[in-house]
Each structure stands twice: as C-alpha cells, then as structure tokens.
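First the structure, in the form of structure tokens, and then the observations on it.
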C-alpha cells in the first residue's frame, strides 16, 4: 500500500470528512448512431451508487457522465457524499485515493495519471482550483469503453448553472476527457476577469479619477471621500489584486497542462478534423483570454499604488493646512498674551505684601524682606532653565550608566 493510500485511509476514518449533499446534479451525454443525447437530472446521495454501477450502453459510441456537487459551508474540504457513495465512486469509476488526496490538501495544482482499474487502463485527470464557486474537478477516462466520468466539487449556484449550459452547448465534444477540465478552467478565468473589474469599480468609487479636484469634492462629486479610511480600503483592494494575480498564474499553468495533454499521444481520441479544430481553438482562446488579464492586473496594481501615494500626499497637505491655521491662531494668542503680560506682572508684584500704598502714609513703604521675592524668583527661574537645558544630557548619561552596568554584569557572568 502506498503512502497516499495509507494517508487517505486515515482520512476515511474521520467522521467529519463525509458530508453528503441533499441534492446532486447528474449530467449524462451519450452518442448513439451519430446522435448525441444530453440529459441533466437532479439526484440524491442514495442514487450515486446506482449511477456509478450502471455500465454505459453497449450501442454508445462514447459516454460522458458527471456528478456536480454544490459548495458546502464547512471548511476543511469535506467530501460531499456519504462513505457508501464514495466507495461506489472509487470502485466503479476508478477515482482513487491519490486523486482525492490532492483534493483534501487543496494544493492548487493540475495532474494526470494512468492507473489500472479492474483490468482496464484509465486516464485520470485532476484540477485543484481552490477558489470560491469552484473547488475541485477529477476525471477518469475508460479508453476501452470510451467512457468519461468525473466529479466536480464546490459549485456555487450560478457556477452550476453556467457549467450545465456550457456542457450542453459542447455536447458533441463530450467524448473528450479534457472537455470538462477546459470548461471549468475557462469559468475560473472569467471569474478572475470579473474580479479585476470589481476591483477597478471599487477603486473608482473609493477615490474616483486620480485628481486632486475630485478628491476635494469637485467635478460632480458631492462629498469628498474619507481620506482616513481610504488607506485601509486601498490595502484591501491591493491584497485582492495580488490574490487574483496568483490565481491567474495557477490557471495559466492548468491551461498549459491541458494543452500538453491535448497534444500528447495518450489523449488521441476518435474525433474528426472539425471537432479537433473546435477543441484546439477553444484551448487557444481560453489561453489568450488568460494572458489578456495579466496587463489588467498590473494596471490595477499600479493604480492602487498611485492611489495610496495620492492619499498620503493629500493627508500631508491637509495636515500642513491645519498646522498653518493653528499656527496663526497661536500667534494671535501669543500677541494678546504679550500685550497683557506687563500689566499682569506689575499688578501681581504690587499686590504683594512687600508694598504698602496706604493713602495715610506719607510715602510708599517697602518691606525690608522684599529681597526674598527677587532671590526666590531668579533662583527658581535659574533652576527651571538648568533642568530644561540639562535634561537631554542627564538622559544620555543615564543610558551610558545603564549600558556600563549591563556590560559589567555580562563580564562577571562570563568570568
């Protein structure tokens, strides 16, 4: 038993790994007598073993069978079926532990394998999208019976509807095991493009076109944006844009993988020239769509960086304006204080008990202790000035003394 099998067997003993869905979508596309029959049925978890155990029609030229599972709320990538249904999928469709092991790890990769299953050679393909609305796809292809079967996990309601429509539109290409992987990758590429459009719209709503007049509420803007909250908004958009860039790189790697598999000898499917051209054109188109998104990501990232610089420049400008305004107010207060300071000082001085201006006195009387006032005043003033000027020097000396004591303590410990 391989290490993957042992690890997956350990996962199967986890009671929380199996979380059956109430409803599963079953897609069947079969070609008989040059006519393709396409059906979509809603099934339950109890129907999965019967679906997997049913062999393809003997008259079928080829068959495509897919089980589409909606997204589940719990985290940790649970398997959206019962343990009994999973055993049937593994036994009859050959979706082994190695494929599902990658799903549980959420590695964000694409891989292909050739496996032996009940004396039949199967081609196994797995795509781990690890994105919202679409999590994982795995396909096995029974080359002897021309039977393609697979699972798609984590489909949001809108993605499920889109996938069913795309599969029905390309029903004539259902014999190719790369059809479902290509369609799901194309959907993820479109999601990435939509994400970049959402970021651009949010950026425009948050700060508007990058001009100072717009930020200050002119040119059709009723209110200026909250500059204090904008840095957080721009940071969130930057993180979202970086995640979209990483997702796009994974999708480009998946498309390269699909293109290589399409060109490989192991994927030689009995397609006529027209169908091969359609399949190849679809792959090329999706790859070009993915490449066209990269400049948009770079542009959005540059716009976000420009927006951050603009916001901080505006915040600095506003701070300068406030400082200038408050500085002018302080100058007025200082001028008024200086105007009243001499009178205040003289009133305080002559109201002291050292002076006696009683009208009955022949002349003003001055206490012999008046020198105490002047000595105390000049002494306290000198102490304040010395402390003010000497505080930085004292702080420096204290730090030097602390460092010296620390060094002496270290030397004693080493000795």
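Consider residue 356 carefully, then state whether it is in the same structural domain as residue 230 (by TED's automatic domain parsing) and without any contact (Cβ under 8 Å) to a residue 60 or more places away in the chain.
The answer is no for residue 356.
Residues in the range 133-165 that are within 20 Å of residue 43 (Cα to Cα) and either assigned to a helix (DSSP H, G or I) or more than 32 Å from the chain's Cα centre (by Cα) (or both): 148, 149, 157, 158, 159, 160, 161, 162, 163, 164, 165.
Every residue, every condition in (1) modelled with pLDDT of 60 or more; (2) assigned to a loop (DSSP other than H, G, I, E, B); (3) within 18 Å of residue 139 (Cβ to Cβ), yes or no:
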{"residue": "25", "(1), (2), (3)": "yes, no, yes"}
{"residue": "36", "(1), (2), (3)": "yes, no, no"}
{"residue": "75", "(1), (2), (3)": "no, yes, no"}
{"residue": "81", "(1), (2), (3)": "yes, yes, yes"}
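For the range 295-316, the set of residues classified as loosely packed, with under 13 Cβ neighbours inside 10 Å and either over 14 Å from residue 245 (Cα atoms) or in contact with a strand residue (DSSP E or B) (Cβ under 7 Å, 6 or more places away or on another chain) (or both) consists of 305, 309, 313, 316, listed by residue number. Quick one: is residue 323 loosely packed, with under 13 Cβ neighbours inside 10 Å, modelled with pLDDT of 80 or more and farther than 24 Å from residue 236 by Cα? When the stated conditions are applied, residue 323 passes them. Per the conditions (1) touching a helix residue (DSSP H, G or I) at 6+ places or on another chain (Cβ under 6 Å); (2) farther than 24 Å from residue 288 by Cβ; (3) at pLDDT 80 or above, the sole criterion not satisfied by residue 126 is (3).
Based on what the data block shows, is residue 284 loosely packed, with under 13 Cβ neighbours inside 10 Å and under 29 Å from the mean Cα position of the chain (by Cα)? Considered against the rule, which asks whether it is loosely packed, with under 13 Cβ neighbours inside 10 Å and under 29 Å from the mean Cα position of the chain (by Cα), residue 284 comes out as yes.
In this structure, residue 329 does not qualify as touching a residue at least 12 places away in the same chain (Cβ under 8 Å) and assigned to a helix (DSSP H, G or I).
The values are calculated or read from the model by the stated rules, or taken from the named source; none is laboratory data. Computed from a prediction, not measured in an experiment: that's the story for all the values here. Please note: Cβ atoms are built from the backbone with ideal geometry, for glycine as well, and neighbour counts cover all protein chains shown.
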